[in-house]
Amino acid sequence: MLPSGHRMRRRDEFTLAVRRGRRAGRPTLVAHLLRQDGQSAPPLVGFIVARTVGNAVVRNRVRRRLRHLTRAYLDRLPEGSLLVVRANPAAGTARHDELAADLESALDRLLRPTSKGRR
C-alpha cells in the first residue's frame, strides 16, 4: 500500500502535474511527472481511473494494483515531485505483470534526463 504521506489528494496538484508535467504513455497507462526543484516535501502520487476502464469493482482493482506497484518507485522520485498515473481502458483487462511493465517503462522514460532539444 502507498504510504499516506505520499498520496496526492488536492485537485490543484492533479491539475498542475497533468498540465505542466512531462508525460509518458503506454498501452495501459499514462504517467505525468512534474519535478519541483527546491522542495523538501516527499513526492506525491495520485491516480486517475475513469469509468471507461470498467465498473466500480474493476476501477478499484486497477487503482489498488497501481498503488501497490508505485510504492516500489517512491525512492526513485525526486523530492517534491508530483506523479499522476492515469489508467487507460486497457488497464481494466490487463494482467498485473502487464501493468507493472508499463509503469516501469513509463517511469524510466520520465526519470531519464532530458536533452536540450526537448522539454
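Over the chain, DSSP H runs of length four or greater, each weighted -39,500 (n - 2.57), average out per residue to a 222 nm ellipticity of -11500 deg cm²/dmol. Two tests apply to each whole DSSP H helix in the chain, Cα reach of 15 Å or more along its axis and mean Kyte-Doolittle hydropathy of at least -1.0, and the ones passing both are 96-111. Suppose R0 equals 30 Å. What FRET efficiency, 1/(1 + (r/R0)^6) with r the Cβ-Cβ distance, do residue 13 and residue 55 give to the nearest 0.05? Efficiency for this residue pair is about 0.65.
The calculated pair-distance distribution of the chain uses every alpha carbon pair, bins of 10 angstrom beginning at 0, and gives 14, 48, 32, 6, 0 percent.
Its relative contact order, with pairs defined as Cα atoms under 8 Å and 6+ residues apart, puts segment 4-110 at 40 percent. If R0 is 22 Å, the Cβ-Cβ spacing of residue 111 and residue 67 corresponds to a FRET efficiency of close to 0.70.
Read the figures in this text as sums done on the coordinates, not as results from a lab. Model, not experiment: these values are computed from the prediction. All Cβ positions, even for glycine, are placed from backbone atoms using ideal geometry, and neighbour counts span all protein chains on display.
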